[in-house]
1. What strands (runs of 3 or more DSSP E) lie completely within the stretch 347-397 and have 3 or more residues being under 19 Å from the mean Cα position of the chain (by Cα)?
2. Restricting attention to the stretch 344-375, report how many residues are in contact with a Ser or Thr (Cβ under 9 Å, 6 or more places away or on another chain) and of a type in the set (Asp, Glu).
3. Of the numbered conditions (1) in a loop (DSSP other than H, G, I, E, B); (2) in contact (Cβ under 8 Å) with a residue 24 or more places away in the chain; (3) at negative phi, Ser418 fails exactly one; give the number of that condition.
4. Suppose we filter the stretch 139-156 for residues that are of a type in the set (Lys, Arg) and closer than 14 Å to Leu351 by Cα; how many remain?
5. Of all the helices (runs of 4 or more DSSP H) wholly in the stretch 188-299, which have at least 1 residues that are closer than 30 Å to Gly355 by Cβ and assigned by TED's automatic domain parsing to the domain that holds Glu176?
6. Within the set of pairs 6 or more residues apart or between chains, which connect a residue that is charged (D, E, K, R) inside the stretch 280-294 to a residue that is in a loop (DSSP other than H, G, I, E, B) with Cβ atoms less than 9 Å apart?
7. Residue under question is Gly407, and the condition is that it be at pLDDT 95 or above and either of a type outside the set (S, T, N, Q) or not in a strand (DSSP E or B) (or both); does it hold?
8. Tell me, yes or no, whether the stretch 104-114 has at least one residue that is part of a helix (DSSP H, G or I) and modelled with pLDDT of 95 or more.
Amino acid sequence: MRLLWWLPALVPAIGSAQAAALDSVAASRVFAMAVDLAQAEGGRLWGRSLGGPLLLVDLQTGTTWASEADPSGKLQPLGGGMARGRLPNEMNPANTAVTYAGKRWTMVIWPLPADSAARRQLLAHELWHRIQDSLGFPMHSPNNGHLDREAGGGWRGLGGRALARALEASGVDRVEALVDAVSFRQARVGGLPASDTAETQLERNEGLAEYTGLAASGRSEPEQRAVAARALRALEDRPTVARSFAYSTGPAYGLLLDALRPGWRLELRSGASLARLAARATGVRYRTGAELAVAEERYDGAGVRVAEAERATRREARRRELVARVVTGPILTLPLAKADFAFNPNEVVSLDSLGTVYGGLRLSDEWGVLEVDNGDGRVAADFRSATVPVGPDFDPAKPAGPGWRLGLERGWRVVADSVRGRWRLERRP
């Protein structure tokens, strides 16, 4: 089974990170904060406690601290109920939920944000991921490449501005801004059920997790709305939002529904989207025609379109560069059979039928582990192969390239492909 895990410390507006080393004292403080957070939240959001087993992984040393012992004994029990060990090499460290050593855990990467509220937000976000399946929200992370195209990006930019205005307004003004937001979204996905479904799936996954994190962060309600509005505005400066937009739209919809439609979380379990519930909260009014054009003017629609056209030009140039780099140029091809991978949601570029390129990626399979730190790794659209670029001095005995390195398991080797300048993995005879 393929697992899509977010790489650590990449969620928008999460804050700066601590630099102190992770030891038993630091780990116990994190575990205590998680317990305090779950007790303070008390199940008010989802009718179930966020508390549960927690793994804390130090990326620098590879040491993993656990809030409790595991039934399989893979982790060494310590005093105070904690345990310690190391993750197996094929397991990708990430901020996520994971089944390991006979338990379902929340996994969090050290260091955590330095700011207390941001730290609680991250913990609550990941604690929710551990229980989301039991709440009826299966984990989905589809690529929303249409949001990185000019037409979809323009409506998305307008919708983000309208949601931010709704968060900062009150009364009738809040409702009218939310009507604008859902109307812009309807104009974008109307007639395109696939894009509607993909957006809804990511918002019901990462959007709800980030809403939970923000709502349980200990911030006041005005502070929560201000944080959510800043996250929406930050989307306008990102070159790609295909995998990261829901971190901003999910909390915005959730906070607005808290104010306008109490009980919305129960409705959500029936399969409704956040946007659909927001529309219901405003009486299901969608602006069209001249009324929609007037609404666009309220948010400087012309300026949004110009900026999106410029971004589209840059994105298309980047896309052509990536195709030449990881599709048609000198590459190493890796077969995928049992792949798990973690990636940076802010560095994802869709190549449509050619797959997806990740600027930060850790990919494990039966042949070993590929780590892309500051380069480009492509996963094919059918998830059957991955490619990375190779340079003219590529050494198959020590497989590495621009921004990536490959650790091979015994029984595998790199061999020249039938196309000159290309390479592939194969099992040793």
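1. 348-350, 356-358, 361-365, 377-379
2. Matching residues across the stretch 344-375 total 1.
3. Of everything listed in (1) in a loop (DSSP other than H, G, I, E, B); (2) in contact (Cβ under 8 Å) with a residue 24 or more places away in the chain; (3) at negative phi, Ser418 misses just condition (2).
4. Here the count works out to 1.
5. Correct list: 193-202, 208-215, 221-234, 246-260, 274-281.
6. Pairs that qualify, where the first residue is charged (D, E, K, R) and the partner is in a loop (DSSP other than H, G, I, E, B), are Arg280/Arg261; Arg280/Ala272.
7. So Gly407 passes the test.
8. no
The values are calculated or read from the model by the stated rules, or taken from the named source; none is laboratory data. Since the structure is predicted, the reported quantities are computational estimates derived from the model, not experimental observations. Please note: Cβ atoms are built from the backbone with ideal geometry, for glycine as well, and neighbour counts cover all protein chains shown.
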